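Undergrad: One structure is given below, represented as structure tokens, and several questions about it will come after.
The values are calculated or read from the model by the stated rules, or taken from the named source; none is laboratory data. Nothing here was measured: the structure is a model prediction, and the numbers come from that model. Cβ atoms come from the backbone with ideal geometry, glycine included; neighbour counts cover every protein chain shown. The accessibility values were calculated without ligands, DNA or RNA, using every heavy atom of the protein model including side chains. Shrake-Rupley method; radii C 1.70, N 1.55, O 1.52, S 1.80 Å.
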Amino acid sequence: MKIEMGESLIYSWLRHEKQCQLAQTNWKASPYWVLDSWGELQSLYEKFAQYYQDKYQLDILKGCSLEQFIKQAEIDAIGISFSQSAESIFAVDVAYHEAGLNYGDKIKTLTKIIQKCVRTALCLYGFFSIATGEIIFASPKINPVIEKELSPMFVELTDLFSQLGLEFTAILYCNDTFLTGIMQPVLKKGTSIADTSELFLRSVQMYQMFAGKAAPAPAKASKEQIVIAQSKPRTGSYTDEGKAIERIPKWALSPEQNNYKIIRAYYQLLNERGLVTRPELEARCHDQSKHPDVYVRDFRGNFASMKTDKGKSHGKVFTDDGYNVRVWSAVSQTLEQNRSLFLA
């Protein structure tokens, strides 16, 4: 099972900060479970939908029946904390998009987040017969414009839960509150935890093994090695390494060039999805009807020429593992400085 780093962080947070004796990532309902109080759930489902349609014109149901809506549920992490006085449940969805949270435009992003919270509330009430707990959405990076609208909506959602007879609290952790409320508490406690299943903490612990240590000095070459190196001719690939750095500012001013179009398509997908895959990038650059601004007839040839500095290539801009596409670290700063021009 694939575990995202954000989910692993939340798993550790639930266990060590929220004191959950039981914690699970990627929670989904079994098709064999029976929903309690179906009639009551149907009523809640309709009231949630009506409220957000009337007040914000948000379609949180997308034409789904209650059964379909529940079947689509996948909660990133659930934790239950037991004490002598009561039990507490925490249901968390976490989204980490490197360029900032983005499910499309602002309305789609707000709709998606509220939809997740409402679906979680119905699942907790229907499958766990629990009407109290914390329903959490967490993201380390959300555009301030979206955060400004989203924060009061979580306060409002908590009030709406109460009006409908539920005692859930809706909580948003993002930007600074993600750092202070989730990340820092886990990092503080992580040094004393030895659990190979907690991948986030294991990666932090590995990093800390070397943090602060200077890189070892390179070994001095012998006289023989120096003579051999000086005698070798320098190839074009040596002198042209990183040649895209000088070319990127020129490409950014030339929307008709294929280099511009491929970089523009990459940024479009990154803003929409938070990541870019090779099949999606190729499909967008081949779709002349829907995306004429990034249409590239020979995508494969041009893209291959943007993954190397050898010979007469355009210059290395991207790396890929056969599926995921990323910007090459050597040109990332230059590309980011010109990002607005590629999206103009």
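Undergrad: Across region 132-142, which residue is farthest from Phe69 (Cα to Cα) among those that are open to solvent by less than 50 Å² (accessible area, probe 1.4 Å) and outside any loop (DSSP other than H, G, I, E, B)?
TA: In this case the residue turns out to be Ser139.
Undergrad: While we're looking at this one, here's another question. Kindly check whether there is at least one residue in region 170-190 that is farther than 27 Å from Lys116 by Cβ, open to solvent by 50 Å² or more (accessible area, probe 1.4 Å), in contact (Cβ under 8 Å) with a residue 40 or more places away in the chain and assigned to a helix (DSSP H, G or I).
TA: Checked region 170-190: at least one residue is farther than 27 Å from Lys116 by Cβ, open to solvent by 50 Å² or more (accessible area, probe 1.4 Å), in contact (Cβ under 8 Å) with a residue 40 or more places away in the chain and assigned to a helix (DSSP H, G or I).
Undergrad: For the subset of region 315-343 comprising residues that are open to solvent by 40 Å² or more (accessible area, probe 1.4 Å) and among the hydroxyl-bearing types (Ser, Thr, Tyr), which member is farthest from Val276 (Cα to Cα)? Outline the logic, then answer.
TA: Residues of region 315-343 that are open to solvent by 40 Å² or more (accessible area, probe 1.4 Å), as a first pass: 316, 319-324, 326, 328-330, 332-333, 336-337, 339-341, 343.
Checking the rest, the ones that are also among the hydroxyl-bearing types (Ser, Thr, Tyr) come to 319, 323, 329, 332, 340.
Working: Thr319: 11, Tyr323: 9, Ser329: 16, Ser332: 15, Ser340: 18 Å.
The selected residue is Ser340.
Undergrad: Sticking with this one: Can you tell me which residue within region 105-131, out of those that are open to solvent by less than 10 Å² (accessible area, probe 1.4 Å) and either modelled with pLDDT under 90 or touching a strand residue (DSSP E or B) at 6+ places or on another chain (Cβ under 8 Å) (or both), is nearest to Asn271 (Cα to Cα)?
TA: Out of the qualifying residues, it is Ile113.
Undergrad: I would also like to ask the following. In region 291-313, what residues are in contact (Cβ under 8 Å) with a residue 60 or more places away in the chain and open to solvent by 50 Å² or more (accessible area, probe 1.4 Å)?
TA: Those that are in contact (Cβ under 8 Å) with a residue 60 or more places away in the chain and open to solvent by 50 Å² or more (accessible area, probe 1.4 Å): Lys310, Gly311.
This table checks each residue for (1) part of a loop (DSSP other than H, G, I, E, B); (2) open to solvent by 30 Å² or more (accessible area, probe 1.4 Å).
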{"residue": "Ile10", "(1), (2)": "no, no"}
{"residue": "Trp13", "(1), (2)": "no, no"}
{"residue": "Cys20", "(1), (2)": "yes, no"}
{"residue": "Ala23", "(1), (2)": "no, yes"}
{"residue": "Ala29", "(1), (2)": "yes, yes"}
{"residue": "Asp36", "(1), (2)": "yes, yes"}
{"residue": "Phe48", "(1), (2)": "no, no"}
{"residue": "Leu58", "(1), (2)": "yes, no"}
{"residue": "Lys62", "(1), (2)": "yes, yes"}
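Undergrad: Let me ask something additional. Would you check which residues across region 64-104 are under 24 Å from the mean Cα position of the chain (by Cα), open to solvent by less than 20 Å² (accessible area, probe 1.4 Å) and over 18 Å from Glu17 (Cα atoms) and list them?
TA: Residues satisfying the conditions are Phe69, Ile70, Ala73, Ile75, Ala95, Gly100, Leu101.
Undergrad: Follow-up. Go over the candidates Leu101, Leu110, Leu122 one by one and state the one that is farther than 13 Å from Leu150 by Cβ, of a type outside the set (Gly, Ala, Ser) and out of contact with any Phe, Trp or Tyr (no Cβ under 6 Å at 6 or more places or on another chain).
TA: Numbers: Leu101 fails: farther than 13 Å from Leu150 by Cβ; Leu110 fails: farther than 13 Å from Leu150 by Cβ.
So the residue among Leu101, Leu110, Leu122 that is farther than 13 Å from Leu150 by Cβ, of a type outside the set (Gly, Ala, Ser) and out of contact with any Phe, Trp or Tyr (no Cβ under 6 Å at 6 or more places or on another chain) is Leu122.
To keep it simple, each residue is scored yes or no on (1) modelled with pLDDT of 90 or more; (2) assigned to a helix (DSSP H, G or I).
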position: Gln230; (1), (2): no, yes
position: Glu241; (1), (2): no, no
position: Ile245; (1), (2): yes, yes
position: Pro255; (1), (2): yes, no
position: Tyr260; (1), (2): yes, yes
position: Asn271; (1), (2): no, yes
position: Cys285; (1), (2): yes, yes
position: Lys307; (1), (2): yes, no
